[in-house]
Amino acid sequence: MKAKHQRLTLALLALGAVVVAGLLALSALKDQAAFFYAPSDVRRDGLPLGRAVRLGGMVEGGSVKRAADGVTVHFVVTDGQATTPVVFAGIVPDLFREKSGVVAEGRFEPNGHFVASNLLAKHDEKYMPPEMAGKMHETKTLEPDAKQ
Amino acid sequence: MLLPYWVCPVATLHAFANPARFLKIAKPMTAALFWAGVALVVLGCWAGLTQTPPDYLQGETVRILYIHVPAAWLGMGGWSGIAISSIMFLVWRHPLASVAARAIALPGAVFAALCLMTGSIWGRPTWGTWWQWDGRLTSMLLLFFVYLGYMALANADADRGGDGRIPALYGIAGSVLLPIIRYSVVWWNTLHQGPSIGLTQSTIAGSILWPLPIMLAGFTFVFAGIVLMRMRTILAVAKTEARMRRMARP
């Protein structure tokens with residue numbers, strides 16, 4: 001084996017090891033690096049009480065109710081397997097709407113309700129002109145099985 | 001020298017191991033690539049700003065994608081270039097490979113920054129926030145910092161007359177971020193949406209998508225032109241320094 005081939009093997013091995021290290025880091029951090037809890041995570045692992053967390057999922061169709069005071073909004077977040085009722089008082093983002101993705105920052109109450117202090121709209125990977133959106137699609141990005 | 005067929009693309013590059021031969025070809029290529037890229041970017045901007053419909057949900061802000069996606073592509077592609085050049089330098093001791101890696105670092109960092117900035121500008125109206133520490137955004141920010149680290153290391157190495165091996169190792173190690181950035185949106189739940197464009201299909205409607213390949217090609221040509229320009233600069237500086245040293249000799 002010539003020195004050059006030895007160096008090539010070593011360099012390719014190093015590159016392979018680095019890429020595998022990256023992939024391992026990805027899968028090991030899967031839980032810690034999650035940006036938000038989904039309703040089914042909360043059902044499986046229990047309520048993360050007493051600290052600020054994010055809850056993410058789809059706003060359930062027909063669930064958005066505005067209170068009489070004009071600023072409080074009640075809605076239900078779903079990930080297709082479990083649901084969490086959310087209450088938020090404030091200005092909702094422009095893209096906040098039913099059957100669309102949302103990430104709520106706030107806290108869980110002991111009764112399983114989520115009190116949001118801030119709402120972020122989550123956009124999905126579908127882009128289309130308005131005339132195509134007439135055939136309104138159901139966004140499924142946040143449902144774990146549809147993610148692949 | 002005979003090489004196995006699978007290193008052929010690399011083998012053809014051996015023709016350019018001689019800097020004089022490289023410079024002869026690089027000089028006309030620099031201007032050609034740069035101006036062809038500028039022309040394509042102008043065409044792509046015109047198409048993206050006037051010829052495509054707005055998105056049904058995002059409205060006009062969707063047009064940021066014509067800058068954001070090519071910038072992200074070159075931010076990550078730039079580091080792939082540094083990693084490949086680093087391997088070529090370590091394995092074949094190809095002197096131009098380390099020059100290429102140093103030349104790529106600055107435009108790569110600029111495009112990574114452009115990607116972060118355009119993403120932030122898009123995120124404010126779409127998500128309702130300029131910045132969130134989600135997996136995709138954080139890993140891209142890390143890549144930007146890794147670029148800055150590479151530039152500091154490579155410049156320090158060159159100034160002290162190093163042989164370029166340490167920056168090359170750093171270049172290989174830094175590629176750990178590339179799969180993380182790519183798969184962050186698939187494997188973690190993130191605020192950033194999943195990949196819209198796959199190898200065979202896209203979830204972006206054709207009427208919105210079509211200027212994107214023009215912009216991708218344009219940005220890539222401009223990037224390549226800048227890299228060649230910087231490689232020629234680095235070689236010219238080295239030549240000047242060598243001449244100065246000769247003249248300073250008693």
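The values are calculated or read from the model by the stated rules, or taken from the named source; none is laboratory data. Just so we're clear, the structure is a prediction, and the values are computed from it rather than from any experiment. With ideal geometry, Cβ positions are generated from the backbone for all residues, glycine too; neighbour counts draw on all protein chains shown. Accessible surface is based on the protein model in full, side chains and every heavy atom, while ligands, DNA and RNA are left aside. Shrake-Rupley method; radii C 1.70, N 1.55, O 1.52, S 1.80 Å.
Structure summary
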read-out: Restricting region A:33-43 to residues that are modelled with pLDDT of 80 or more and touching a helix residue (DSSP H, G or I) at 6+ places or on another chain (Cβ under 8 Å), the residue that is surrounded by the fewest Cβ atoms within 10 Å (Cβ to Cβ); value: A:Ser40
read-out: When residues of region B:53-65 are limited to those that are touching a residue at least 60 places away in the same chain (Cβ under 8 Å), part of a helix (DSSP H, G or I) and open to solvent by 10 Å² or more (accessible area, probe 1.4 Å), the one farthest from the other protein chains (Cβ to nearest Cβ); value: B:Thr61
read-out: Test for B:Pro250: is it more than 18 Å from B:Ile82 (Cα to Cα) and either part of a loop (DSSP other than H, G, I, E, B) or touching a helix residue (DSSP H, G or I) at 6+ places or on another chain (Cβ under 6 Å) (or both); value: yes
read-out: All positions within region B:180-203 that are surrounded by 20 or more Cβ atoms within 10 Å (Cβ to Cβ) and outside any loop (DSSP other than H, G, I, E, B); value: B:Ile180, B:Ile181, B:Ser184, B:Val185
read-out: Members of region B:204-231 that are surrounded by fewer than 19 Cβ atoms within 10 Å (Cβ to Cβ) and either of a type in the set (Lys, Arg) or not in a helix (DSSP H, G or I) (or both); value: B:Trp210
read-out: Criterion (more than 14 Å from chain A (Cβ to nearest Cβ) and under 15 Å from the mean Cα position of the chain (by Cα)) met by exactly one of B:Leu106, B:Leu153; value: B:Leu106
read-out: Condition check for B:Ala113: within 16 Å of the chain's Cα centre (by Cα), part of a helix (DSSP H, G or I) and surrounded by fewer than 20 Cβ atoms within 10 Å (Cβ to Cβ); value: yes
read-out: All positions within region B:124-174 that are over 22 Å from A:Val19 (Cα atoms), open to solvent by less than 20 Å² (accessible area, probe 1.4 Å) and among the aromatic types (Phe, Trp, Tyr); value: B:Trp127
read-out: Those residues of region A:108-148 which are modelled with pLDDT of 50 or more and of a type in the set (Gly, Ala, Ser), in sequence order; value: A:Gly112, A:Ala116, A:Ser117, A:Ala121, A:Ala133, A:Gly134
read-out: Meets criteria (within 21 Å of B:Leu169 (Cα to Cα) and either out of contact with any Phe, Trp or Tyr (no Cβ under 7 Å at 6 or more places or on another chain) or touching a residue at least 40 places away in the same chain (Cβ under 8 Å) (or both)) for B:Leu137; value: no
read-out: Elements of type strands (runs of 3 or more DSSP E) in region A:64-111, at least 3 residues being in contact with a helix residue (DSSP H, G or I) (Cβ under 6 Å, 6 or more places away or on another chain) and under 21 Å from A:Val42 (Cβ atoms); value: none
read-out: Matching residues in region A:65-81 - criterion: being farther than 19 Å from B:Thr190 by Cα and either surrounded by 16 or more Cβ atoms within 10 Å (Cβ to Cβ) or touching a His at 6+ places or on another chain (Cβ under 6 Å) (or both); value: A:Lys65, A:Val73, A:Phe75, A:Val76
read-out: Residue that is surrounded by the most Cβ atoms within 10 Å (Cβ to Cβ) [pool: residues in region A:1-32 that are under 21 Å from B:Val185 (Cβ atoms) and not hydrophobic (A, V, I, L, M, F, W, C)]; value: A:Gly22
read-out: Those residues of region A:25-59 which are facing another protein chain (nearest Cβ under 10 Å) and either in contact (Cβ under 8 Å) with a residue 40 or more places away in the chain or part of a helix (DSSP H, G or I) (or both), in sequence order; value: A:Ala25, A:Leu26, A:Ser27, A:Phe35, A:Phe36, A:Ala38, A:Asp41, A:Arg54, A:Gly56, A:Gly57
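Per-residue answers, yes or no, for (1) within 14 Å of chain A (Cβ to nearest Cβ); (2) free of Cβ contacts under 8 Å to residues at least 60 places away in the same chain:
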| residue | (1), (2) |
| --- | --- |
| B:Phe34 | no, no |
| B:Val41 | no, no |
| B:Gln51 | yes, no |
| B:Ala71 | no, no |
| B:Ile87 | yes, no |
| B:Leu96 | no, no |
| B:Ala100 | no, no |
| B:Met117 | no, yes |
